[in-house]
Every structure is written in C-alpha cells, then in structure tokens.
Amino acid sequence: MDISYESPPNTNYEVNSYVNTLEFNSIFGLDVYDLYDPEELSDIVENPMANNYQLRKLSNRLYASNGLFSKAVDYLTAMPTLDYVIIPRGNSKNKRKINKILMDSTLRTIHHKEFIRDALFKAMIDGVSFYYVDFTKRKDDQNKLLTDYEVTNIMEINELGVNAVVFPLPTDFTKIVGRKNSSYVLAFNLDYFSKFSPNELKRKLRLYPKEIKEAWEKLSKQKDKDGKRNWVVLDNSKTITLKIRSKMEEPWGRPLCLAAIKNILYASYFKDTKRSKLGELNNNIIYQTFPEGKEKGTSALTKKQQEDQHNAVKTAILTKNNRNSTSFFSVAAGTKIDQIKVDTSIFDEKNESKLLDDIGVDLGFMASLLSGGTSGSYAAQLNNLQLLLSEVFMWIEPITLELVKVINQNIIKDKKNPVDLYYLPCSIITRKEFTNQMKELYLQGKGSLIAWIASTGFNADAYLTLMDMEIEEGFEKKYVPHQTSFTLSKNDNKGGRPQVDSPTNENTIQSKTNNSNGQPKPSNQ
C-alpha cells in the first residue's frame, strides 16, 4: 500500500490520501475468453458437429485445468477391469484351438487393455478416437539420437520386431467418410506431413503404415497442386474407430464435458472472483478523518498538525506486522480511523458446493463421488456408479467388435472358424459382486469355470495351465492338505473315536468278562 499526501491549494489545510492498487490479473483461471467470446462458446456447445475442432481443443484445455472433469475421465477409464474370455467358433476342434491361440497372442502383442483404456480416454475428451493396426514388420531404425520434437512424439516410435502394432491416428487429420459392413470407414489427410522438415518427414514416413506412406509418395508426385486429392481412404479391415454420444450418421462424437462447459467456465470465473476478493482482504484500505473545524468542510487542525498526525498513523500501520513490536501514536480528539470493508459472503462454502453439484450432474457423476464432499447417500452413489458403468461398457462393445474384426481379417483369416472376444461387465468396484454371481452360476447351475476364474481378475488360461502343471507334477500327493473338518469327510475314517474296540485293551476285557453290556439298565421312561 502506497500512501502519500500533498498540500492542497486552498486554505482548508486538508491532507488528502490515495491508494494506488494494481489491476488484479489472475494466473489461475482458464482465460478461455481470450480465445473465444461468449457467443462463440454458445455456438460451440449448440453446434458440436460444425465446431468440432474448437470443441476438442476446448475439451482438452478443460481436462488440463478442471479437477472434476479430469477425475471423471480418469475414473471412467480405470473402472472397468477388462477381464476377458476368448470364444472360438466353428466345427473344427483343431482350428478352434489354433485360432484361439492366435487371438490371445495378438491381444498380448498389442497390449489390448492399454489400447482399450487409451480409446476410452481419448473418446471422452475428443468424442472420437481413431487407430490403424499395422501388421507389416517395420524396418529397424538404427538412429539412436533423437531431436526434441521426436522425443515429444514418442507415441509414434513403436517397438521393433512385432507383427501387430496399434497406431493412433491424429484426430485433427482423420475423419469418418462412410460405413462398410456396419463399420466406419476412415480417411486420412495427407497434409499432416506438410509441416515437417525433409529430415523429419523421412523419419516420420518410415514409422507410418505402408498404406499411408505410399499415398503420400503418390501425392508428392502430383503436378496439379491446386486440384490435388490430399485425402486417402484407409483399408477398413485395419482401422478401429470409437465414436461416443453421437448419432450413427454424424461424423464426430461429443466429449464428456459438452453439457458441463458453461458450468465449468462459470466455476472458474467464480473462483477467480474469490481470489480477487482474497487479494482485496490482504490489501487493507485504512483511512482517517480529521476532526471538523468551526466551518463545515474544514479541519480543526493546522496543516502542520495534519501532516504530523498523518505520518504517525501511517508509520504505525506500516510497521504493525513486525514481530515483537508495539506501535503507539496519539491523535487529536474527534479523529476517526476506519477501513473499507470487503464483502466476504462470496466465501460461503454453499456457493461452491452448489457449483460442484451442477458440474457433477452435467458430467453424469454425483459430485460426492469425485470430490468426496457434498451430500449423497451410499445407496445413491452405488446406483450412480451402476449407471456410469453401463455407459462405459456400452462404449467398450464397439471397440471390441472393431478389434475382433481386425484380428479375424488380418491374423486368423478363417471365416469358417472365427474367434470372438468378450470383456466381462465387471469393474473394480463391483468385482466381488460379479465374482459371486459367477460362483453361484457354477455351483447351482451350469456355469462356466473359465468365466468364474476370469471374474476374479486371474487370466483363465494361465490359471488352467497352472492346474494342469500341478496335476502333472503330482502336487496333490506331494503336498497333502492338513487334516481338518474342511478337508476330511465322514467316509475318510481318519481321526476321532475308533469304530471297533481293541480286543487287547484292559477295559474291553473286563467289560466282556462281566457282560457289562448285557446287564439290565434303569428305565429312562
């Protein structure tokens, strides 16, 4: 706080004080209005197909800055356990077995669980996610030195020696252009490579799928640059598409945050206002009023007295925060010292809790699930989770169908003996309940042992392989379970009282000699 004074030109001998404050510029806010004005934001929300590029950029910005939205995306990505079973079909037992092995091997090669979570993550932020599964073995790049740009694009540096790689396509340069056998057909914009330098382009093309690389080479040789066809339609048997919250005929999906954008921005503005108010609280404005003189509008103090009193009060205020110090000053009778009060009603916790609830509802979450605060019963939270999981599993279904399509057409190549893949509708939260359901089916009906094992999170094939190995190694004979009521039955005849009395026992001989069992006994009637 800078307080200064100057002598007035009149004869009232008044000392005027002023406070020079800096404009509050928040470093915490989204600053979205620097990019879009309110009318543009409303148009983006109301017309997500026409403004999808701007919507995706805004959604990525909100994910990086809003805790509720980022938590919602992260939780929905992590919740499904992705326990799975492989279902071979066909009449040939031998081919079913071979094709099942091929499916399982391919899934492990492409790290299918990581791929599924990546597709969910991107779709919830961008509304869509595009992939190309490349089955061509890449040429080994012996250059071990990378530029800063190449390091930042590490997602395009694939492991060498594998025969199947899931390659994410850049969303801004990929688009849905049709459907084939109920599967989306994608086109890739070759202008993507125009931004690279010759050296970067050479390396980039070497890492991209052969189909896209050949299309770029053909485009580069085209003479008519104005009429060039810079979009290449990709092989539908090698592409995977996930589009959420949209109609079948729409080219784009809708991000998870679409309905919450306005409330998220309002919450950001609300918090910035609170921080501004907090800044005002930390910058107190204190003023003093000199005693009034005989004439209205004049002071009873002389100019010198006003200056001395002003300096005394100013010095005491500026040194009041020093530790272990006492400030003392005297003022003339009738002097008033006060400060400008700041309205603190905005700090009421109810205001922010209401905003969190509104954003949570827009995202489909109860706010208490994301922040741990606000109200909400356990039953209501559980019901909310079930609804959210149903939507996540609905998104997993088309990814699974696309993945099965690609593997069947490029790896298995056997239309008479195809292989299906099924991810169990189980989550980390509902695993115990789901496992009990599989257990009841197995014990009380004709349930599947493989489904029961998979529901626990243990890979069914690995579990059965361990069981086979233990049987071959004779574990049951080598490692006999301890004899307890849980491991013995009444027919095992181990432990307990002997069923036949020992003929050499002294008590047995005496009982037989005296015919104790034949002696009359008192009536129990």
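Distances between placed amide hydrogens fall under 5 Å for residue 82 paired with 426, all partners being 5 or more residues away or on another chain.
Among 124, 79, sorting on how many other beta-carbon atoms sit within 10 Å of each Cβ, with the fewest leading, yields 79, 124. Backbone phi angles across region 404-413, fed through the Karplus curve with coefficients 6.51, -1.76 and 1.60 (θ = phi - 60°), yield HN-Hα couplings of 5, 4, 5, 5, 5, 7, 10, 10, 6, 6 Hz in residue order; Gly and Pro are listed as x. With neighbour counts taken as other beta-carbon atoms within 10 Å, the residues 406, 85, 313 rank, fewest first, as 85, 313, 406. Between residue 61 and residue 415, residue separation times 0.36 nm minus the direct Cα-Cα distance comes to 122.9 nm.
Coordinate-derived values only; no laboratory data. In this text the structure is predicted, and so the values were computed from the model without any measurement. Here Cβ is always computed from backbone atoms with ideal geometry, including for glycine, and neighbour counts include all displayed protein chains.
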